1. For the condition of a type in the set (A, V, I, L, M), open to solvent by less than 40 Å² (accessible area, probe 1.4 Å) and more than 24 Å from the chain's Cα centre (by Cα), what is the one hit in A132, A102?
2. Looking at (1) closer than 28 Å to S41 by Cα; (2) open to solvent by less than 20 Å² (accessible area, probe 1.4 Å); (3) of a type outside the set (V, I, T); (4) in contact with a strand residue (DSSP E or B) (Cβ under 6 Å, 6 or more places away or on another chain), which is the one condition that is false for G258?
3. Given the options V114, V185, V142, V168, name the one that is surrounded by 15 or more Cβ atoms within 10 Å (Cβ to Cβ), in contact (Cβ under 8 Å) with a residue 24 or more places away in the chain and in a strand (DSSP E or B).
4. Look through the stretch 188-233, keep the residues that are touching a residue at least 60 places away in the same chain (Cβ under 8 Å) and buried (at least 23 other Cβ atoms within 10 Å of the Cβ), and return whichever of them is nearest to the chain's Cα centre (by Cα).
5. Condition first: on the phi < 0 side of the Ramachandran plot and touching a residue at least 24 places away in the same chain (Cβ under 8 Å). Now tell me which residues in the stretch 171-182 satisfy that.
6. Looking at (1) modelled with pLDDT of 95 or more; (2) open to solvent by 50 Å² or more (accessible area, probe 1.4 Å); (3) within 17 Å of F157 (Cα to Cα), which is the only condition V81 fails?
7. If I ask for residues that are in contact with a helix residue (DSSP H, G or I) (Cβ under 6 Å, 6 or more places away or on another chain) and of a type in the set (G, A, S), which ones from the stretch 117-134 would you list?
8. What pairs come out if I take residues in the stretch 234-255 that are free of Cβ contacts under 8 Å to residues at least 24 places away in the same chain and under 18 Å from A269 (Cα atoms) and pair them with residues that are open to solvent by 50 Å² or more (accessible area, probe 1.4 Å) and in a strand (DSSP E or B) whose C-beta lies under 7 Å away, six or more apart or interchain?
Amino acid sequence: MLLEKVMKRLEEAEALDQPAQKLADVVHAATRPRLVKNALSGTWLGHRFHPAMVPLPIGFWSGALVFDMIASRRARWAADVLVGSGVVAAVPTAAAGLSDWADTVGEARRVGLVHASCNTLALLCYSSSLVARALGRRKAGVGLSLAGATAITAGGFLGGHLSYVQAVGVERKWLATGPKEWTAVLDAGELAEATPRVVRAGDTEVLLYREGNRINALWATCTHEGGPLGEGHFADGCVRCPWHGSTFRLSDGKVVRGPAAASQPVYEARVTDGKVEVRAAP
């Protein structure tokens, strides 16, 4: 209950909004190039890059803690190598995390700022530990590692809160269902050329977009953070989400630009007896 109260106060800490916005502006500027954003978002992987990287620095530093406790000659050498490996792995992990965090708002952005601060402190502690070890100051190096372990534990707790309580970084693709049988959703004459139209097929909202004789049909909710694709920008056979700029191909839902990592669910569409019909793609 105490931790729950602490998290509630953190979520409501409006004083964090201004520094968070300033940092987010810097991150947005740095990740504006499509190649950078796609790399950090995990578009090339089909999965968020940050959670895939997180186990590396944590694993390396946890191993270093164990070997520091053993303290034999070989164990000390192993601990030093693992501390250095964790520092190297933490850099791309942090970059990917900042890229994801910059697209959050409100409570998630506040918690994420403190999460990032804890992890940055851990990285500084372990980097300093590595320098101390290299200079032969073993006790100082181990002490700095323990401080880093404390910081990364706090950061991990906050990261778990972001993922499992606030659902940050959870791709919503699994929510897309739709009818398995052909279902009429609209009179064909009501679907104008190059004009987005959101219709309901069963319990699912589907985005229709006509290009010549082809009717593209995608899940109307962005897989990234649930943005309304029907209100997005349409150009060059793609749709760009109005919330965070995730861009998908209309023909197959593939991600052209992050922050989305998962492709957009698509549906089959056809015109029968003057009606537009859709069904979930097999």
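The values are calculated or read from the model by the stated rules, or taken from the named source; none is laboratory data. Since this is a predicted model, take the numbers as computed values, not measurements. Virtual Cβ from ideal backbone geometry, glycine too; neighbours counted across all protein chains shown. Side chains included, ligands, DNA and RNA excluded: accessible areas come from the protein's heavy atoms. Shrake-Rupley method; radii C 1.70, N 1.55, O 1.52, S 1.80 Å.
1. A132
2. In the conditions (1) closer than 28 Å to S41 by Cα; (2) open to solvent by less than 20 Å² (accessible area, probe 1.4 Å); (3) of a type outside the set (V, I, T); (4) in contact with a strand residue (DSSP E or B) (Cβ under 6 Å, 6 or more places away or on another chain), G258 misses (4) alone.
3. V185
4. My answer is H224.
5. Matches in the stretch 171-182: E171, R172, K173, L175, A176, T177, P179, K180, E181, W182.
6. Failing condition for V81: (3).
7. The answer is A122, S127, S128, S129, A132.
8. Short answer, once both residue conditions are applied: C238/R249.
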